[in-house]
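Worksheet: the structure to be examined is printed underneath.
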Amino acid sequence: MQGTDVIIIGAGAAGLMCAFNAARRGRRVTLLDHANKPGKKILMSGGGRCNFTNLYTEPGNFLSHNPHFCKSALARYTQWDFLELVGKHGVPWHEKKLGQLFCDNKSSDILDMLLAECDVSGVDLRLETRIDSIEAENGGYRLRTSAGPFACGSLVIATGGLSIPTLGATGLGHRVARQFGHNVWPTRAGLVPFTLTDPQLKALCGELSGTSLDCLAQCNGQSFRENLLFTHRGLSGPAMLQISSYWNPGDTLEIDLLPGRDAQQWLQQQQVEHPAIELKTLLAEVFTRKMAGLLCEYWFESRPLKQYNLPQLRDIAQRLGAWRLIPAGTEGYRTAEVTLGGVDTREVSSKTMESQKSPGLYFIGEVLDVSGHLGGFNFQWAWASAHAAAQHV
């Protein structure tokens, strides 16, 4: 039997963060993961440059059935605290739009930083270790694993969600939560591209595959102004990923392809000022020439503006300024950046991340029913929730 103070299951962002912070307090920490390498999602995040936090992190950037839950942890470990750690290790970074912070070089800079902190703090990292069973025993927990039995006083579940199973995502954390009496909210893919099956719409997207443009996406009272990216399978890009977290099957998605302007007013003004210009020529001034031509091929008959009457201009404006469609679905966990739903936070302490059902059991990161918007928010939740737990394990 290998005894230790704290066992953390999951060597991703939250698990690594919790491990070295707990070890700093003098706790003996063993970090277990079934993968052959730690931090695989860190390495692939942000296009390989890890969008590790966001300057404008606040509770409103997170989705949960219990929206107040994240406030305490985020307030006690902020984006500025993580930036201090990044600065300590000399990791160069830059800000992109909307406060998103990325590594100048590679995502491995952040992973190496976390592993260095674990190493100097004396964390015992065990990879390629399968968890076979977990039982409460003698005021702590006993684990049967492929590396033999372990016993600990505090057990931290940092296994993440179900997103991107090719990187090792499993439902272990949710199974453990249920085993110890926790409710687990139904899960689904979030921050994920949409798929389309309507033949004409799919053909249009296929021909526009790779084309990106600014848009305003709306669904269920939420809206995001970001880029839309056409793909062979449907619609992607930051705007679509963001709004996907608020979309449910069967819901209508509304997309403004001319954000920041009144489409009908603009068309009527152009008709007055440039009556002889063809519609596809006008649209090529705001979209690519290819997209303008395809929109006219699929949606409108391109004629000189003077040949459209007011109802016809209104119809064109409606399609451009409030394009309404019902996606067939999403690409699912295969490409989703987060998992929506998870361990019910009403049964977990918002200050310590400790289970209210089983003392000494903690849940951190994405395994909980807390999901952030795109742009570094999910990493900041990982850092903050992990730091909160580390002070009490």
Hey, any idea what % of the stretch 160-242's accessible area is carbon plus sulfur with a 1.4 Å probe? 52 percent
Of the listed pairs LYS41/LYS71; LYS40/LYS97; LYS97/LYS202; LYS96/LYS290; LYS280/LYS306, those with alpha carbons more than 23 Å apart are LYS41/LYS71; LYS40/LYS97; LYS97/LYS202; LYS96/LYS290
Between 0 and 90 degrees, rounded to the nearest ten: what's the tilt of helix 13-24 against the longest Cα principal axis of the chain? 30 degrees
Round to the nearest 10 and report in Å² the accessible area of ILE316, as given by a 1.4 Å probe over the protein chains' heavy atoms. 10 Å²
In vacuo Debye sum over C-alpha of the chain, base-10 log of normalised intensity I(q)/I(0) at q = 0.10, 0.13 Å⁻¹, listed in q order, is -0.69, -1.00
For the stretch 235-329, which GluC sites (Glu not before Pro) are both in a DSSP coil and crowded by at most 15 other Cβ atoms within 10 Å? GLU285, GLU301
Enter the accessible area per residue of the chain (Å², integer; probe 1.4 Å; all protein chains in place). 42 Å²
Eigenvalues of the alpha-carbon gyration tensor of the stretch 114-192, times 5 and square-rooted, give semi-axes in Å, largest first, of 23, 20, 12
Residues meeting the amide H criterion for GLY329 (H placed from the backbone, H to H distance under 5 Å, 5 or more places apart or on another chain) are THR195
By how many nm would the segment from SER302 to GLU254 lengthen if fully extended, with 0.36 nm per residue of separation less the alpha-carbon distance? 14.9 nm
Counting DSSP beta bridges with both ends in the chain, the antiparallel % (nearest 5): 70 percent
Ordered by number, the trypsin sites (Lys or Arg not before Pro) in the stretch 1-72 that occupy a DSSP loop and have at most 16 other Cβ atoms within 10 Å are ARG25, ARG28
Over the stretch 76-150, with every protein chain in place, what whole percent of the accessible area is carbon and sulfur at 1.4 Å, could you tell me? 47 percent
Could you grab the relative contact order for the stretch 1-152? Cα pairs under 8 Å, six or more apart, rounded to a whole percent. 32 percent
Through the Karplus equation 6.51 cos²θ - 1.76 cosθ + 1.60, θ set to phi - 60°, convert the phi angles of the stretch 105-122 into ³J(HN,Hα) values in whole Hz; use x for Gly and Pro. 9, 9, 4, 4, 4, 6, 4, 4, 4, 5, 5, 5, 5, 5, 5, 5, 8, x
Can you give me the relative contact order of the stretch 196-269 as a percent, contacts being Cα pairs under 8 Å and 6 or more apart? 31 percent
Could you state how much accessible area ASP81 has, in square angstrom rounded to the nearest 10, with a 1.4 Å probe and all protein chains kept in place? 50 Å²
In the stretch 270-393, carbon and sulfur make up what percent of the accessible area (probe 1.4 Å)? 47 percent
With axes computed from alpha carbons, what is the tilt in degrees of helix 263-273 against the longest principal axis of the chain, rounded to the nearest 10 within 0 to 90? 30 degrees
On the full set of protein chains, 1.4 Å probe, figure out the accessible area of THR195 and give it in Å² to the nearest 10. 20 Å²
Explain nothing, just compute: Karplus ³J(HN,Hα) = 6.51 cos²θ - 1.76 cosθ + 1.60, θ = phi - 60°, for every residue of the stretch 288-298 in order, whole Hz, x for Gly and Pro. 5, 4, 4, 5, 4, x, 5, 4, 6, 6, 8
What are the GluC sites (Glu not before Pro) within the stretch 126-162 that DSSP puts in a loop, where the Cβ has at most 15 other Cβ atoms within 10 Å? GLU128
Principal axis box of the stretch 290-348, alpha-carbon based, largest edge first, Å: 64, 24, 16
Would you be so kind as to identify which of LEU253, PRO304, LEU213 lies farthest towards the positive end of the dipole of the chain, taking Lys and Arg as +1 and Asp and Glu as -1 on Cβ and the Cα centre as origin? LEU253
At a threshold of 8 angstrom on Cα-Cα distance, excluding pairs fewer than six apart, so keeping six or more, what relative contact order does the stretch 270-334 reach in percent? 32 percent
Using alpha-carbon coordinates, inclination of helix 79-88 to the longest axis of the chain, degrees: 70 degrees
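The values are calculated or read from the model by the stated rules, or taken from the named source; none is laboratory data. Note that the structure is a prediction, hence the values are computed from the model and not measured. So basically every Cβ, Gly included, is an ideal-geometry build from the backbone, and we count neighbours across all protein chains shown. Remember, those area values only see protein heavy atoms, side chains included, never the ligands or the DNA or RNA. Shrake-Rupley method; radii C 1.70, N 1.55, O 1.52, S 1.80 Å.
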